[in-house]
Amino acid sequence: MRILFLTQWFQPEPSFKGLPFAKVLQDKGNKVEVLTGFPNYPGGKIYSNYRLRIFQRETMEGIRVHRVALYPSHDKSAIQRIANYISFSISALMIGPWLIRKPDIIYVYNLVTLGPPAFLLRFLFGSKVIMDVQDLWPESVLNSKMLENKFLLNFLSAFSRWVYNNVNKLVVLSPGFKRELASRGVQPEKIEVIYNWCDESSIRKNESSSDLVKHSEFSGKFVVLFAGTMGIAQGLDTVLDCARICSEDLPNVQFVLVGGGVDRPRLENRANAMALSNVTFLPPQPVKSMGKILSRADALIVHLKDDPLFSITIPSKTQAYLYIGKPIIMAVRGDAADLIKASGAGIVCEPETPGEMAKSIERLYSMSPEKRNDMGKSGMDYYKQYLSFSSGVDKFERLMSAIS
């Protein structure tokens, strides 16, 4: 098969289903090309080794990559973020057909704004379109508070339904996503559930030294770690409020928050105002360092705001947490909580309830190290059986072959 990846984000950006996914599909005998933008995520600035131009071709580890112009931005400004998405869509629509070879399959990663260029390419080349849905639109936009104009949200809702209903196949990350899209009129047989995997090669457990253990105040502490984006959706005020409770009841517990995001500066200021000596912020780390950091934690936290949309999603860090084999505190309702229950990998508590989170931490803290290790191993075994990279790639390739 000839497979085109149509995605706004691709390496060297921290692209989840990017170069490793493309390489494995090509290693299986397929021909893979990529149509993407100039790298600027997450900072919103074009990477130093690139210069913004109309288009650029390059080869990355045997994969032919076509980059087209976009407006680089990734901040809280709704206008700039819209310009970022729409500019890439227009470039892919206008320039893409002149750059790529005829594909059998167009694999579209997530953004409904990529519907028009995908449908044009399908019309021109007779390809089939698979869209990998990671965020439901327009709900994800509404929950990010990037866009609150009712007219625009109604337009985006209608546009999203049009895109979802007109692709050949939708791949979703959870059973809840499938139920939700089916309730919107998408034919259930068009929707496939393929769980996300994590970047296994970069997040392998590594017992060598890391930034996490360079801090002397962590010595002998029970480390509870949050790793990833600190945005509005994560609702990390709950973690700070939990830390305040634990500072009195569990003084040996140290909270560590690793990563960046639009809400991080405010969270740091609030933690300082609360005088939380048991909370430490570490800067964003390269993916290759995260295995070291995660393996040094005693427990790992997943938290999202208590919103119905999040009950049908599975935060991407869940897979990395399972793979690393550490106990998980899952403060998310629905499908993500069901994964933790099914795997026996940790404790589930309600989101936005600091007291319940503190009780969950106390339960883990009171367990023997052996019992916590068994809990982590259960999660790792579950990941390898049901959520692994090799399992996911095989499911995607079977789906592509079936419709090509």
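Summing +1 for each Lys or Arg and -1 for each Asp or Glu, what net charge is found among the other residues whose Cβ lies under 11 Å from the Cβ of PRO327?
On the way: positive: LYS326, ARG363, LYS371, ARG372, LYS377; negative: ASP298, ASP374.
Computed value for this residue: +3.
Scan the chain and report its longest stretch carrying no GluC sites (Glu not before Pro) that are both in a DSSP loop and have at most 16 other Cβ atoms within 10 Å. Walk me through the intermediate numbers first.
Working: sites that count: GLU61, GLU148, GLU207, GLU352.
That would be 208-351.
At 0.36 nm per residue, and after removing the present C-alpha to C-alpha distance, how many nm does the segment from VAL193 to ASN165 gain when stretched out fully?
Working: separation 28, 0.36 × 28 = 10.08 nm, distance 1.64 nm.
Stretched out fully, the VAL193 to ASN165 stretch lengthens by 8.4 nm.
Among all the aspartates and glutamates, which ones have a C-alpha under 19 Å from LYS326's C-alpha, if same-chain residues fewer than 8 places away are not counted?
Those aspartates and glutamates meeting the cut-off are ASP199, GLU200, GLU207, ASP211, ASP298, ASP338, GLU362, GLU370, ASP374, ASP381.
Have a look at ILE105, ILE82, ILE329 and tell me which one the Gaussian network model of the chain (Cα, springs below 10 Å) gives the largest fluctuation.
Result for the chain, Cα springs under 10 Å: ILE82 fluctuates most.
Would you list which aspartates and glutamates come within 17 Å of LYS169, measuring only between C-alpha atoms, while excluding same-chain residues fewer than 8 positions from it?
Leaving aside aspartates and glutamates fewer than 8 places away in the same chain, those within reach of LYS169 are ASP104, ASP132, ASP135, GLU180, GLU189, GLU192, ASP394, GLU397.
If I take R0 = 45 Å and measure r between the Cβ atoms of LYS150 and LYS341 in this structure, what FRET efficiency does the formula 1/(1 + (r/R0)^6) give, to the nearest 0.05? Before the final figure, lay out each step's value.
Details: r = 38 Å, r/R0 = 0.84.
The value I calculate is 0.75.
Over the Cα atoms, compute the radius of gyration (one decimal) and Dmax (the largest Cα-Cα distance, rounded to a whole number) for the range 211-385, in Å.
14.7, 45
How big is the chain along each principal axis, measuring the range of its Cα positions in Å and listing the largest first?
65, 44, 41
How much net charge surrounds MET274 when only other residues with a Cβ under 14 Å from its Cβ are counted (Lys, Arg +1; Asp, Glu -1)?
Working: positive: ARG244, ARG266, ARG270; negative: ASP237, ASP241, GLU248, GLU268.
Its environment carries a net charge of -1.
Taking trypsin sites (Lys or Arg not before Pro) as exposed when DSSP calls them loop (any state but H, G, I, E, B) and at most 15 other Cβ atoms lie within 10 Å, what is the longest stretch of the chain free of them, the sites themselves excluded?
Values: sites that count: LYS28, LYS45, ARG51, ARG53, LYS76, ARG101, LYS145, ARG184, ARG204, LYS205, LYS214.
It runs 215-404.
List, in the order given, every pair from LYS178/LYS377; LYS305/LYS341; LYS178/LYS371; LYS128/LYS341; LYS31/LYS377 whose Cα-Cα distance in the structure shown is over 31 Å. All intermediate terms of the calculation are to be shown ahead of the outcome.
Values: LYS178/LYS377 29 Å; LYS305/LYS341 20 Å; LYS178/LYS371 35 Å; LYS128/LYS341 37 Å; LYS31/LYS377 37 Å.
Beyond 31 Å between Cα atoms: LYS178/LYS371; LYS128/LYS341; LYS31/LYS377.
Read the figures in this text as sums done on the coordinates, not as results from a lab. Computed from a predicted model, the values in this text were never measured in an experiment. Cβ sites come from the backbone with ideal geometry, for glycine too, and all protein chains shown count toward neighbours.
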